1. Out of region 21-44, which residues are among the basic types (Lys, Arg) and assigned to a loop (DSSP other than H, G, I, E, B)?
2. From the residues in region 151-182 that are outside any loop (DSSP other than H, G, I, E, B) and farther than 21 Å from PRO82 by Cα, which one is modelled with the highest pLDDT?
3. Of all residues in region 270-282 being in contact with a helix residue (DSSP H, G or I) (Cβ under 7 Å, 6 or more places away or on another chain) and small (Gly, Ala, Ser), which is surrounded by the most Cβ atoms within 10 Å (Cβ to Cβ)?
4. Please identify the pairs in which a residue from region 166-179 that is surrounded by 14 or more Cβ atoms within 10 Å (Cβ to Cβ) has its Cβ atom under 7 Å from the Cβ atom of a residue that is assigned to a helix (DSSP H, G or I), counting only partners at least 6 apart or on another chain.
5. Being more than 13 Å from ASP164 (Cβ to Cβ) and not in a helix (DSSP H, G or I) is the filter here; which residues of region 257-287 pass it?
6. Would you please name the residue that is nearest to TYR57 (Cα to Cα), looking only at residues in region 361-382 that are assigned to a helix (DSSP H, G or I) and among the small types (Gly, Ala, Ser)?
7. Can you tell me which residue within region 214-256, out of those that are more than 24 Å from the chain's Cα centre (by Cα) and not in a helix (DSSP H, G or I), is surrounded by the fewest Cβ atoms within 10 Å (Cβ to Cβ)?
8. If you scan region 89-134, which residues turn out to be more than 27 Å from ARG196 (Cβ to Cβ), in a helix (DSSP H, G or I) and in contact (Cβ under 8 Å) with a residue 12 or more places away in the chain?
Amino acid sequence: MNNRLDTRLPSIAYMEQAAKRRIPRFVFEFLQSGIGAEHCLKRNRDTLDEIKFLPQYLTNESIAPSLETSIFGRTFPAPFAPTPIGLSGLMWPRAAEIIAKNTSAKGLPVGLSMWATASIEEIAAMTGNLLWYQLLCTTTPEIENDLIDRAEAAGCEVLIVTVDIPTITRREKDIANGLSVPPHFNMSTLLQISSRPAWALGMLQAGIPRFKSLLRYVPENANIAETARFLADIVDVNVTIDKLETIRKRWTGQLVVKGILGIDDALCCKELGVDGIVVSNHGGRQFDAAPTAPHVLPHIRDAVGPDMVLMADGGVRSGLDISRLVACGADFVLIGRPFIYAVAAAGANGVDHLIFLLQEELRQTLAQLGSQTHAELQQRRIL
């Protein structure tokens with residue numbers, strides 16, 4: 001534990017406030033915002049807070065909680081990992097690289113977005129076989145197949161196919177801030193950048209954020225606007241059952257489908273031979289009327305049975321929240337925004353400190369419940 005950092009950043013809430021002071025407002029709003037009136041974003045937090053546990057203090061056993069979690073034939077030191085985060089290099093310079101290096105050094109897997117500002121190969125060199133690559137289906141089979149082949153060649157054992165983007169969404173704050181590719185800067189955004197010197201200097205050193213895994217497919221000599229149009233056009237928003245079945249046949253490793261909220265979709269994944277699903281509403285960024293993971297996890301777990309790997313995300317801000325999702329039926333939890341808070345607040349040390357905080361809070365939760373492992377959490381849940 002870093003005592004100095006623990007005093008300055010004793011919780012994720014403190015990290016969030018520190019990140020807000022270091023990131024330009026238009027970028028921070030891109031990180032924080034949801035879709036529409038942001039009701040789904042709020043529900044993610046509210047439904048987690050509603051989950052209560054029944055403590056147990058009287059026991060003849062010495063409680064020494066273990067956080068080890070086994071999924072996909074591997075054992076990890078804790079049941080959480082950073083989720084794939086698109087455009088992380090805009091939120092903080094080289095965020096993808098910092099998060100990947102420090103998280104994998106702790107023995108935890110690392111999710112990498114197809115829209116990350118670091119390439120598959122760059123991150124794989126840091127993480128080895130702890131890299132989980134997120135694929136969005138494309139309209140060009142050659143590009144899609146090449147991305148799958150590159151993930152396999154890089155040593156990825158888990159491929160995550162995201163299916164919950166059936167249409168391009170309108171996020172009001174991003175539109176109001178002129179956040180687009182190429183970006184539309186005005187006097188307000190320029191002033192915001194000038195007031196955040198650490199972010200601005202880091203961005204100058206790192207260069208303009210680019211989707212490095214995709215650059216090789218962009219037509220030669222394309223300018224920024226042409227590149228943006230090309231990349232927008234290659235995304236296939238309609239992920240069909242046939243498409244998913246084709247990917248299942250091609251990918252020999254563990255296949256995970258992200259963005260599942262309904263029992264029918266979960267059972268479809270199981271029938272196709274998918275190894276795991278992520279119960280997720282995309283951090284409240286896609287559909288404002290969507291349910292939350294705690295709402296649907298128990299029903300999905302009952303439907304698919306105990307053997308299919310279920311992961312979940314949405315609104316996690318503590319180790320207690322991780323325990324809450326596990327108690328609802330998740331085997332593993334993916335975390336997004338807090339990893340950006342951590343790297344923006346304190347760089348690589350911030351990532352290490354975040355992992356320390358989450359592990360300590362997990363142990364404290366299990367100790368309060370008189371539980372040795374997370375397998376016992378569902379018995380302690382009372383709401």
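The values are calculated or read from the model by the stated rules, or taken from the named source; none is laboratory data. From a predicted model like this one, the values you see are computed outputs, not experimental measurements. A quick note on method: Cβ atoms are made from the backbone with ideal geometry, for glycine too, and the neighbour counts reach across all protein chains shown.
1. The answer is none; no residue qualifies.
2. Step one: filter region 151-182 for residues outside any loop (DSSP other than H, G, I, E, B), giving 151-153, 158-162, 172-176.
After this cut, where a residue has to be farther than 21 Å from PRO82 by Cα as well, the list is 153, 172-176.
On the way: ALA153: 97, GLU172: 79, LYS173: 79, ASP174: 77, ILE175: 76, ALA176: 78.
Ranking the qualifying residues of region 151-182, first place goes to ALA153.
3. Within region 270-282, the subset in contact with a helix residue (DSSP H, G or I) (Cβ under 7 Å, 6 or more places away or on another chain) is 270, 272-274, 277, 279-281.
Cutting the leftovers down to small (Gly, Ala, Ser) gives us 273, 280.
On the way: GLY273: 11, SER280: 24.
Residue satisfying both the conditions and the ranking: SER280.
4. Partner pairs satisfying both residue conditions: LYS173/GLU29; ASP174/PHE30; ASN177/PHE26; ASN177/GLU29; ASN177/THR189; LEU179/PHE26; LEU179/PHE30.
5. If the condition is that a residue be more than 13 Å from ASP164 (Cβ to Cβ) and not in a helix (DSSP H, G or I), then LEU272, GLY273, VAL274, ASP275, GLY276 are the ones that fit.
6. Only one residue tops the list, namely ALA367.
7. Going through the qualifying residues, I end up with GLU220.
8. We begin by selecting, within region 89-134, every residue more than 27 Å from ARG196 (Cβ to Cβ); these are 104-109, 114, 120-121, 124-125, 127-134.
Okay, now just the ones that are also in a helix (DSSP H, G or I), so 104-105, 120-121, 124-125, 127-130.
Within region 89-134, SER104, ILE120, GLU121, ALA124, THR127, GLY128, ASN129, LEU130 qualify.
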